[in-house]
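Remarks on the structure that follows.
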């Protein structure tokens, strides 16, 4: 029992990043570059290349982000230039909602491997617990549209004829997990995990799993500290990964205003700590999660910010200041995606207003936009 063991290392920038031992037995760097909402037209490729060159070894991708082909181009360039080998990198990607059915899982993975230009993934994650239907004719990937559209055309965000998100209520994530285990058996992925699952759903997968859950990737930042969920994961040796560890900055998708009146990056308490330690607010939040033994997935498109975000390993926040974060744990989740709550496996029912009425889907042209 207990927390997955993190170990610190050695000398160069990359090895300064703590490593965590997953339930699968494989090692994972605790700091990852995220690519959600990262733009194409060369921007994502440049960001990934900049991250690898400054020491990042964990790259987080997903086919619905509509940019895995640029992530793959960056990885290939860095390998071709001798900056890294494939074995140096921990590459993780995600199974999209429209491909939960057994006959579509392999097709989803194959498109990701093709786009990323690799033969295997280090971690493959069920992106959300709510499956949605494809047309049934073929796998839906970014090639069929990382956008909203009529379900008959097989987009990744299929809509009903009256404009609501579709829901495949005959598929279940436990069945999906069992198919994911076969990918490990075949050597196509080394570890498998979950994302955006609640504690009850995680426990259900855990009870049914032949191959253990290695990771859980959920939103986590100083306004949504996830203490109980992290403790639950630690007990079951599941490595918790925080996405949006900075509260998603000014690009958040929140439908409810923050109770503090500002986003975490503008929080006055965090700003005070940044001044005290001679860091920026983003570095303070990243260091705070790392000191809680929480892995972080931090997204930026700016090379200077990518480098700055990675400069969090050679200093510490005091125990007193770590404890003081408790005062701003207000439970604010920016990514509710409540338009999908017509699905029985929607994970955040307890956060919806009592009088909530299902909203029609917004227009999505690529994930997060």
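Per-residue answers, yes or no, for (1) modelled with pLDDT of 95 or more; (2) within 13 Å of residue 289 (Cβ to Cβ); (3) part of a helix (DSSP H, G or I):
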residue: 203; (1), (2), (3): yes, no, yes
residue: 206; (1), (2), (3): yes, no, yes
residue: 212; (1), (2), (3): yes, no, no
residue: 216; (1), (2), (3): yes, no, no
residue: 230; (1), (2), (3): yes, yes, yes
residue: 233; (1), (2), (3): yes, no, yes
residue: 237; (1), (2), (3): yes, no, no
residue: 241; (1), (2), (3): yes, yes, no
> Name the residues in segment 115-130 that are over 15 Å from residue 96 (Cβ atoms) and outside any loop (DSSP other than H, G, I, E, B), would you?
Replying inline: 123
> Applying the selection to segment 314-339, what residues are assigned to a loop (DSSP other than H, G, I, E, B) and buried (at least 16 other Cβ atoms within 10 Å of the Cβ)?
Replying inline: 317, 332, 333, 334, 335, 336, 337
> Can you tell me which of 307, 297 is part of a helix (DSSP H, G or I) and either in contact (Cβ under 8 Å) with a residue 12 or more places away in the chain or within 30 Å of residue 168 (Cα to Cα) (or both)?
Replying inline: 307
> Can you find even one residue in segment 257-265 that is in contact with a strand residue (DSSP E or B) (Cβ under 7 Å, 6 or more places away or on another chain) and within 30 Å of residue 363 (Cα to Cα)?
Replying inline: yes
> If you check residue 137 against the conditions, is it assigned to a loop (DSSP other than H, G, I, E, B), at pLDDT below 90 and farther than 21 Å from residue 345 by Cα?
Replying inline: yes
> When segment 112-134 is examined, which residues are found to be farther than 24 Å from residue 56 by Cα and either modelled with pLDDT of 95 or more or out of contact with any helix residue (DSSP H, G or I) (no Cβ under 9 Å at 6 or more places or on another chain) (or both)?
Replying inline: 128, 129, 130
> Scanning segment 277-294 for residues that are assigned to a helix (DSSP H, G or I) and without any contact (Cβ under 8 Å) to a residue 40 or more places away in the chain, which turns out surrounded by the fewest Cβ atoms within 10 Å (Cβ to Cβ)?
Replying inline: 291
>> Here are the criteria: (1) in a loop (DSSP other than H, G, I, E, B); (2) within 21 Å of residue 310 (Cα to Cα); (3) touching a strand residue (DSSP E or B) at 6+ places or on another chain (Cβ under 7 Å). Tell me which single one residue 59 does not satisfy.
In response: (1)
> What number of residues within segment 340-369 are surrounded by 17 or more Cβ atoms within 10 Å (Cβ to Cβ) and in a helix (DSSP H, G or I)?
Replying inline: 1
>> Among the residues in segment 156-164, are any loosely packed, with under 15 Cβ neighbours inside 10 Å, in contact (Cβ under 8 Å) with a residue 40 or more places away in the chain and within 20 Å of residue 86 (Cα to Cα)?
In response: no
> Which of the residues that make up segment 170-201 are assigned to a helix (DSSP H, G or I) and more than 15 Å from residue 105 (Cβ to Cβ)?
Replying inline: 199, 200, 201
>> Of the conditions (1) closer than 29 Å to residue 172 by Cβ; (2) modelled with pLDDT under 95; (3) surrounded by 16 or more Cβ atoms within 10 Å (Cβ to Cβ), residue 253 satisfies every one except a single condition; which number is it?
In response: (3)
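The values are calculated or read from the model by the stated rules, or taken from the named source; none is laboratory data. All values reported here derive from a predicted model rather than from experimental measurement. Don't worry about glycine lacking a Cβ; one is built from the backbone with ideal geometry, like all the others, and counts go over all protein chains shown.
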